[in-house]
Amino acid sequence: MGGQPARPVRVGERLRKLEAVERLASGRGELEDGDLERDEGSGLPAHRDSLARTAESDYIFLFMERSRPVRDEVRAIAWWALVGAAAGAIAGLVVGGVGGRLAMLLLRLTSPELVIGATSDDGFEIGVVTTQTLGLLAGMTMLGAVNGVLYAAIRDWLPRRLRLPLWALVAAALGGARIVHEDGVDFTLLEPAALAIALFVLLPGAAAALVVLLVERWIDREPFSERRLDVFVVVAALCGTFALVVGVLVGVAALVGRVTGLNRVLRPVARVAAPLALVAVGVAAAVDLVGTASRLL
């Protein structure tokens, strides 16, 4: 309101200020010549008093950040692990489970009558709803929850604008390569084959996209501060069953990284390596998928 616009905080500048104030506060020396230099476009004050005053708030902020209680770290990690499991469980149930059954229904309608009653490659009777369907729904819920936990764990390493397309496309390629195959009846009896392939590439991609949307919607809220949301997230996460074990393991690793400071060391590398690794895995899966699809069509 009438003042100058806020200047983006630069990590390097904050660290220089922090080191300068630490030297003054501890009596280990005076400000060095380098502390008085003005970085181009940084707005760093060019005299000692101003430097000390402007650095004080950054020092306090960074000190509090470094001394964050372990219980707060546990609370934050538990929240994102539960959010990931809940988002994935919902996506797995709705898209993978219900969506998968609807896809099979559509393919039953477009395929010859002889497919009705045939056993699919996953052991389900095509065109018939049985108690095995419940097993399918439970399995998709668990797999989706694992997917959600993994996304929540590495999302900070992915560029914000690329999180949705990257996670969805890699999941589509991986899921499609895993599901589409030349053996069995799923992609030999079901017709048209192009529709069957398209559906079972689209479903894992859509499930992964829903995971990203739900996680991004919930994860930045204050942990365990909204009763209805908290209950919903916990119940949905519990439906992920085995995924909670994955969440605990990933959460423990994250806690160790934060407490020891290892996260700060690895973060710059991870932000480069994680997207590149996902792209590499996605491309390899896509090549395999295209090869299999070309032989089926």
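If you check A277, A270, A209, which single one turns out to be more than 19 Å from I77 (Cβ to Cβ), in contact (Cβ under 8 Å) with a residue 12 or more places away in the chain and surrounded by 12 or more Cβ atoms within 10 Å (Cβ to Cβ)? One residue alone meets the criteria, A209. Taking the range 222-258 as the range and being on the phi < 0 side of the Ramachandran plot, surrounded by fewer than 16 Cβ atoms within 10 Å (Cβ to Cβ) and in contact with a Phe, Trp or Tyr (Cβ under 8 Å, 6 or more places away or on another chain) as the test, the residues that pass are L229, D230. Each residue in the range 70-95 was checked for being in contact with a Ser or Thr (Cβ under 8 Å, 6 or more places away or on another chain) and of a type in the set (G, A, S), and 2 of them qualify. Taking (1) part of a loop (DSSP other than H, G, I, E, B); (2) within 18 Å of A86 (Cβ to Cβ); (3) of a type in the set (D, E); (4) in contact (Cβ under 8 Å) with a residue 12 or more places away in the chain in turn, E216 satisfies each apart from (1).
Is it true that some residue in the range 280-287 is touching a Lys or Arg at 6+ places or on another chain (Cβ under 9 Å) and under 30 Å from A194 (Cα atoms)? Show your work before the answer.
In the first step, residues of the range 280-287 are kept if they are touching a Lys or Arg at 6+ places or on another chain (Cβ under 9 Å); the result is 285.
Those left that are additionally under 30 Å from A194 (Cα atoms): 285.
Within the range 280-287 (the criterion being touching a Lys or Arg at 6+ places or on another chain (Cβ under 9 Å) and under 30 Å from A194 (Cα atoms)), the answer is yes, since at least one residue qualifies.
Does the range 255-276 include one or more residues that are in contact with a helix residue (DSSP H, G or I) (Cβ under 6 Å, 6 or more places away or on another chain), within 16 Å of L143 (Cβ to Cβ) and at pLDDT 95 or above? No, that holds for no residue. A residue that is over 30 Å from G184 (Cβ atoms) and not in a helix (DSSP H, G or I) occurs somewhere in the range 261-273.
The values are calculated or read from the model by the stated rules, or taken from the named source; none is laboratory data. Predicted, not measured: the structure shown is a model, and the values here were computed from it. Reconstructed Cβ throughout: ideal geometry from the backbone, glycine too, with neighbour counts over all protein chains shown.
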